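The values are calculated or read from the model by the stated rules, or taken from the named source; none is laboratory data. Computed from a predicted model, the values in this text were never measured in an experiment. With ideal geometry, Cβ positions are generated from the backbone for all residues, glycine too; neighbour counts draw on all protein chains shown. Note: areas computed on protein heavy atoms with side chains; ligands, DNA, RNA excluded. Shrake-Rupley method; radii C 1.70, N 1.55, O 1.52, S 1.80 Å.
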Amino acid sequence: MSESTIESILQEKRVFPPSAEFSQNAQIKSLEDYQKLYDKASSDPEKFWAELAESELHWFQKWDDVLDWQPPFAKWFVNGKINISYNCLDRHLTTWRKNKAALIWEGEPGDSRTLTYAQLHREVCQFANALKELGVQKGDRVGVYMPMIPEAAVAMLACARIGAVHSVVFGGFSAEALRDRLIDGQAKLVVTADGGWRKDAIVPLKVQVDKALADTTVTTVEKVLVVKRTGQETEMEPGRDHWWHDMQSSVSPDCPAEPMESEDMLFVLYTSGSTGKPKGVVHTTGGYNLYTHMTTKWIFDLNDTDVYWCTADVGWITGHSYIVYGPLSNGATTVMYEGAPRSSNPGCFWDVIEKYGVTVFYTAPTAIRAFIKMGEQLPNARNLSSLRLLGTVGEPINPEAWMWYHRVIGGERCPIVDTWWQTETGGIMITPLPGAIATKPGSATRPFPGIIADIVDLEGNTVPENEGGYLAVRYPWPGMMRTVYGDPDRFRRTYWEHIPPKDGKYTYFAGDGARKDEDGYFWVMGRVDDVLNVAGHRLGTMEVESALVSHPAVAEAAVVGKPDELKGEEVVAFVTLEGTYQASEELSKELKKHVVNEIGAIARPGEIRFTDSLPKTRSGKIMRRLLRSLAAGEEVTGDTSTLEDRSVLDKLREGA
Ligand code: WT7
C-alpha cells in the first residue's frame, strides 16, 4: 500500500452503521447479539463449534472429540463421518430447494446455464462415476485446471463425493506452474477443458495440460478428462485423454456420497510464501465444511431469496469457499461468471447483476479501483437496485474506493463487509457481521465469533491499542489449514514459529501487519514478508526471481513491489546480466515474457531494471528495502550502513 493510502486509513474516522431495516432482517441483528455470540464462542470454543456442527450439518456419524490440538496440528470432530458434497447437494433434495437454482452461470460470450440443486446433484454424480471409471479412488489427488464453467464446480464436488482430493490450479497459470503443482501433489488424473474464454480470446487449456504432461518428471498422471467448452480442434491422446461428454452419456447418475472421516483431506491448494516454491495448503473435510458454512451464513447473511455472486475464480481459495462450498452448503443460489471486464464490455459486471437480480455481491478492491477509472456512467446506466449487501476481499481497501463502492454500487444503502482472511485460514476471519457491526472504510472490523485474533510483537506480546504489530490468531479454528502437503515441518516453521510458543500455547502468524483501534477494530496494512499482492493475487518475490534467473541472460535478480494505483502492487525486477548479454528494450520484453511462461500472466513484471550490481549487506543479503524505495521513486531513507558497496546505490539511482 502507498504511504498516502496508509495515511488516509490512519485518519479515517467515518462510521457507517447498518440501517434499522437491514439489521431487523439480518441473521445477526445487533452489536449485542454479536458480542453475545463472540463471548460464548471465546469462553468455550469447542462447545460453540460443536453445537453449530450438530445443528447446521449432516453427519453420517457423530464425532468423539470436538478438537484434538497437538500444536500446531489440529483435528476437528475426530471420528465424525461426513461428506461435504452431501451437505452441499443431497440434503437439499429432500426440501423445496430441490428445484431451486443452485448455480447460475454466465459465459463470457453471453451463453448461460442454470442448474437446480437436483440437476447439479445429477451431474456431480455422473462426473464422480466418470472419475471412478478412469481409476480414481478415495484419497487420490485430482488436478483441476479449468475455466470458469459449471463443470469446474462439478469436478470439485465430484472429487469430494468419492473422497478424492482436488488440487485446483488457476487456469491463468502457465504449463510450467501446472506441472510443478501436479508433481508436488502426485496427481493421478487431470480435469481440464479444451479452452476457456478470457477477454474475447480462447485460452487453450488442454494444450497447456499436454505441455505440462510432456515433461517426463510428471510420472503420476494417468488420465485426462476433458470438458468441451470452446469447441476448437483439440488433440486427444488415445488411452490417456477422455471427453467428458462421451462419458456423461454412459455413466450412471447414481453415486452415493462416500462417508469420509472428518479429518480426511478435502483439497490441496497452492499458495505463494516468502521462501521456496508455492506450498500445498491442506484443508480437510468436517472443519472446513462447518467453517465455510457458518461464515457464509452470517457474513453474507444469506436467505432463500438471495442471489449471491462472488467474482473470484475457482482457482483461488475465495472461489473454493465462497463460490462453491459455503453457498451450496447453505442451499443458496450462487452465480458464476466466466468473463472479466474488458474493453469490448466494460460494464459486464453490472449487466450480470441486473440480469440475475444479484442481491449480495463480493469482489476485490483491485476490481473496484478499475471500475472507478472506467467511470460512474457504466454502473449508473444499469439497474442495481437488487443489491442489498456488498463485500470485498484480497487486499486492504483504500477508503476512497470503499466510499465509491458504497455510494455508486451500493446506493448508500448496502453494508460493506471487508473480509480479511487467507488461503491458509480456509474462511473469513475478520469481518463485519453486516446487521450487527458498524463499518469504517478501510477496516475489516472485528473477528468472527470463535476467532481469537490479536496484534502482537515478535515475542508474542499483545501490542498496545493503535500500535502496529503482527496479525495473529491465538486459538485453533475449524477452517484452519492442517499442514503443508508433504511437508509438516514447513507448516510448523512458516506459521507457528515466527512467534515463539509460550507455555505450550501456540500463536498463528498470518504474515500481515495490522493495528487494532480503540473500538477493537482491526486495520490490516498488508504483508510484512516478501510476498507481493498484485491485483489481489499472492506472489512470492522469490518465485519471480527464480523464474528470471532460469533465463540464460540473467545472473541475479531481485524482485520488489511498487505501489500501483490499480493493482495495489506491481512487480519490479532488478536484474544483473551474464557476461556477454547487453541490456536492451528487447531483452526486457523477452524477460517479461519468460516470467509469464514460467508462472503466468499475473506475475508479469511491470518493469525490468538492468543494473551492474545489487545492493547487498556484507553477508550477501539483498537489501530489498532499498530497492523498494528506488522502485517507488522515493528517497532512500533509514539505515544504509550495512550496505557493502555504497556506490551501488548511486548507480541504481542514476540508472532510473
Ligand atoms: C492475503 C491472503 C483469502 C482471500 C483472497 C486472498 C491479503 C486478504 C484482505 C483484506 C487486507 C487482505 C492479506 C492476506 N488480504 N483479504 N480484507 N484486507 N488484506 O487470499 O491469496 O491467501 O492472500 O491477502 O495480505 O495475508 P490469499
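For the reader, a short list of remarks on this structure follows.
- Reachable aspartates and glutamates from Lys75, criterion Cα separation under 18 angstrom, eight or more residues apart if same chain: Asp44, Glu46, Glu51, Glu54, Asp64, Asp65, Glu261, Glu263, Asp264, Glu424, Asp487, Asp489
- Accessible-area rank, largest first, for Arg342, Arg413: Arg413, Arg342, with all protein chains present and a 1.4 angstrom probe.
- When peptides 458-465, 68-75 are sorted by average Cβ neighbour count within 10 Å, with the highest value leading, the order is 68-75, 458-465.
- Note that segment 307-451 presents 22 Å² accessible area per residue, ligands and nucleic acids not counted, probe 1.4 Å.
- Taking 7 Å steps out from each Cα toward its Cβ at Ser647 and Asp111 produces label points 6.4 nm apart.
- Euclidean distance of C-alpha centroids, segment 489-539 and segment 372-406, integer Å: 28
- Phi to ³J(HN,Hα) by Karplus 6.51 cos²θ - 1.76 cosθ + 1.60 over segment 467-481, Hz, x for Gly, Pro: 9, x, x, 9, 6, 9, 10, 8, 9, x, 9, x, x, 4, 5
- Think of it this way: in the chain, Cys88, Cys159, Cys310, Cys348, Cys414 stand alone, with no other Cys Cβ under 4.7 Å.
- Cα-based shape type of segment 250-312, given that a ≥ b ≥ c are square roots of the gyration tensor eigenvalues and the cut on a/c is 1.5: oblate
- Tensor-based shape of segment 179-248 (alpha-carbon gyration tensor, a/c under 1.5 rounded, otherwise prolate or oblate): oblate
- FRET efficiency, Arg342 to Asp457 (Cβ-Cβ, R0 60 Å, nearest 0.05): 0.85
- Solvent-accessible area per residue for segment 1-139 (1.4 angstrom probe, square angstrom): 49
- Around the amide H of Leu103, modelled in the peptide plane, lie the amide H atoms of Leu115, Thr334, all under 5 Å away and 5 or more residues distant in sequence or on another chain.
- Shape class for segment 1-132: oblate, because the ratio a/c of the largest to smallest gyration tensor axis (alpha-carbon atoms, square roots of eigenvalues) is 1.5 or more and b/c is at least a/b.
- Taking the protein heavy atoms of segment 230-336 in the context of the full set of protein chains, the accessible area attributed to carbon and sulfur is 50 percent at 1.4 Å.
- Accessible area per residue in Å² at 1.4 Å probe, computed on segment 595-656: 55
- Across segment 331-342, coupling constants 3J(HN,Hα) worked out from phi with the 6.51/-1.76/1.60 Karplus curve, θ = phi - 60°, read x, 8, 9, 10, 9, 10, 10, 6, x, 9, x, 8 Hz, and Gly and Pro carry x.
- Value of Rg/Rh across the chain [Cα atoms, Kirkwood radius]: 0.95
- The order of Thr94, Thr642 by accessible area, most exposed first and with a 1.4 Å probe, is Thr94, Thr642.
- Residues whose placed amide H lies under 5 Å from that of Leu532, excluding near-sequence neighbours: Leu539, Gly540, Thr541
- Chain lengthening between Lys13 and Lys138 when straightened (0.36 nm per residue, less Cα-Cα): 39.7 nm
- Under 5 Å, built H, 5+ apart or other chain: amide partners of Val281: Leu269, Tyr270, Thr271, Tyr485
- Cross-link pairs exceeding 18 Å between alpha carbons, from the set Lys188/Lys223; Lys593/Lys621; Lys589/Lys616; Lys373/Lys562; Lys562/Lys621; Lys13/Lys516: Lys593/Lys621; Lys589/Lys616; Lys373/Lys562; Lys562/Lys621.
- 3J(HN,Hα) couplings calculated from phi for segment 555-563 with the Karplus curve 6.51 cos²θ - 1.76 cosθ + 1.60 (θ = phi - 60°) are, in sequence order, 8, 9, 9, 10, 10, 9, x, 10, x Hz; Gly and Pro show x.
- Remark: spin-label model distance Asn25-Ala201 equals 4.4 nm, labels positioned 7 Å along the Cα→Cβ axis.
- Exposure of Met542 as accessible area (Å², to 10), given a probe of 1.4 Å and all protein chains: 80
- For the residues Ser250, Ser8, a 1.4 Å probe over the protein chains yields an accessible-area ranking, largest first, of Ser250, Ser8.
- The order of the peptides 563-569, 12-18 by mean Cβ neighbours within 10 Å, most packed first, is 563-569, 12-18.
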